[in-house]
1. How many residues are of a type outside the set (Val, Ile, Thr) and surrounded by 20 or more Cβ atoms within 10 Å (Cβ to Cβ) when one looks only at the range 228-241?
2. When only residues in the range 58-98 that are closer than 19 Å to residue 111 by Cβ and among the aliphatic types (A, V, I, L, M) count, which is nearest to the chain's Cα centre (by Cα)?
3. Against the conditions (1) more than 30 Å from residue 251 (Cα to Cα); (2) at pLDDT 90 or above; (3) open to solvent by less than 90 Å² (accessible area, probe 1.4 Å), where does residue 365 fall short? Just the number, please.
4. Restricting the search to the range 222-263, which residues are among the acidic types (Asp, Glu) and part of a strand (DSSP E or B)?
5. Suppose we filter the range 277-308 for residues that are buried (at least 22 other Cβ atoms within 10 Å of the Cβ) and assigned to a loop (DSSP other than H, G, I, E, B); how many remain?
6. For the range 125-138, give me each residue that is in contact (Cβ under 8 Å) with a residue 40 or more places away in the chain and either of a type in the set (Phe, Trp, Tyr) or over 16 Å from residue 255 (Cα atoms) (or both).
7. Within the range 264-276, restricting attention to residues that are in a loop (DSSP other than H, G, I, E, B) and over 30 Å from residue 159 (Cβ atoms), which residue is least open to solvent (accessible area, probe 1.4 Å)?
8. Say whether the condition of being touching a strand residue (DSSP E or B) at 6+ places or on another chain (Cβ under 6 Å) and open to solvent by less than 30 Å² (accessible area, probe 1.4 Å) is met by at least one residue in the range 154-162.
Amino acid sequence: MMHGSAGILAGHGDRPRVVVVGAGFGGLEAARKLAPAPVQVTVIDRHNYHLFQPLLYQVATAALSPADIAEPIRVVLRRQQNATVLLDEVIGIDKTARRVELRFGAALNYDYLVLATGSQYTYFGHDDWPRLAPGLKSIDDATLIRRRVLLAFEEAETATDPVIRQRLLTFVLVGAGPTGVEMAGALAELAHSTLSRDFRHINPRTAHILLVEAGPRVLSGFPEKLAAFARRSLERMGVEVLLDTAIEAIDTNGVVARGQRIEAANVIWCAGVEASPVAQRLGLPTGKGGRVVVAPDLSVPGHPEFFVIGDTAFVTGPTGEPLPGLAPVAKQQGQYVAELIARRVRGQPAPPPFRYRDEGALATIGRHSAIADLGWIRLTGWVAWVLWGVVHIFFLIGFRNRMAVFLNWIWAWLTYGRGARLITGDTTPLVLATKPLSRAMPENSGKARQEIDVGAVNPPP
């Protein structure tokens, strides 16, 4: 499909060639904003769709289907005459020759390059943990977690050993950032409300959802008052929040957290992230989290034609702190780079250095509660939840996606139902359910262990 054609497409006409690697929020925004510019744009991505990652947790908890939060890249750009889309993967960049090497297609020459390859979860050097505790960065991740979560309830329905049954109904989420908090709330709703009437031999309300955080509080990026509200909301929903609790080990039967064994059939990773490995493979200078250190105009130092944006870029704000890996940051950087390229091509003065406009942060906790930090005002509860829903629907790409998500949310709110409760793929029973339980406590160098009561929070009636 790619061989021999990519070079022709990239070299179409005599317009400057802009290659955008990655069709996430930043890359797609840059490509779209270049529509009126006299350039030829080529967008390269390993997937044929743009994914709205903030709602991935709703796919993982059966509230939405993958098609509700994804849109084919070709559909998004089909009316943009100066844009070409390639389904491929970048394996190398020759900065001197200004050429991009692809895994399948012919090499592409460029006049301007925008690298927007996003981020991935970091497991802090534990190479075996991704298999045991999947993260939530792709549709494949979300459908895997959905399958494992739903399988746990199905297996618990037929389990005769109460110890195994309780392990199947115990879910550990690692990391209490926005993803962990939203995932914990959605999982509590699924277990305590949606599934509560569907089983005959188990009570899904007895499921234990544990949110484990190594830091002193949840949602460290939010003001303390809002974070405290989020924690109280989670605990009212039956989520057990364990703070100052680092994960020390993960195996097929559960985790060890602060010296205490927690048997769990599902461990879900929602902790720290790092830049995609493509930046490291290219030998670019990196900062915290493997992000590429860029100049004030988001270009790679020494290469004014090569830009890095989104989660891949290390950019500091006015306070000197790195900008967070959020969709608004990536979108604003994509807009900035597109404007800079367009001005250069037209021979106009360059814009001032990039400056992020913080428009606030939102996080939802369940079906009618959320928090919103808008800078000038802070909201909690129902009003924040409505604002959260409006913002997320607005940023979804495609009218069909917006309508589908809106109708699904209305239906779920009225009925507590979730229409995407499909177990797809391999339905082999979870290996966790057949492994012998490990009761041995890990060595702790003689230090006293602080007990963690995994049943401290009673499930809601």
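1. 8
2. The selected residue is 90.
3. (1)
4. The answer is 240, 248, 251, 263.
5. Of the residues in that region, 4 qualify.
6. Within the range 125-138, 129, 136, 137, 138 meet the criteria.
7. Step by step, filter the range 264-276, then rank; the result is 276.
8. No, the range 154-162 contains no residue that is touching a strand residue (DSSP E or B) at 6+ places or on another chain (Cβ under 6 Å) and open to solvent by less than 30 Å² (accessible area, probe 1.4 Å).
The values are calculated or read from the model by the stated rules, or taken from the named source; none is laboratory data. Quick caveat: nothing in here was measured; it's all calculated off a predicted structure. Glycine gets a Cβ as well: all are built from the backbone with ideal geometry, and neighbour counts include every protein chain shown. Side chains included, ligands, DNA and RNA excluded: accessible areas come from the protein's heavy atoms. Shrake-Rupley method; radii C 1.70, N 1.55, O 1.52, S 1.80 Å.
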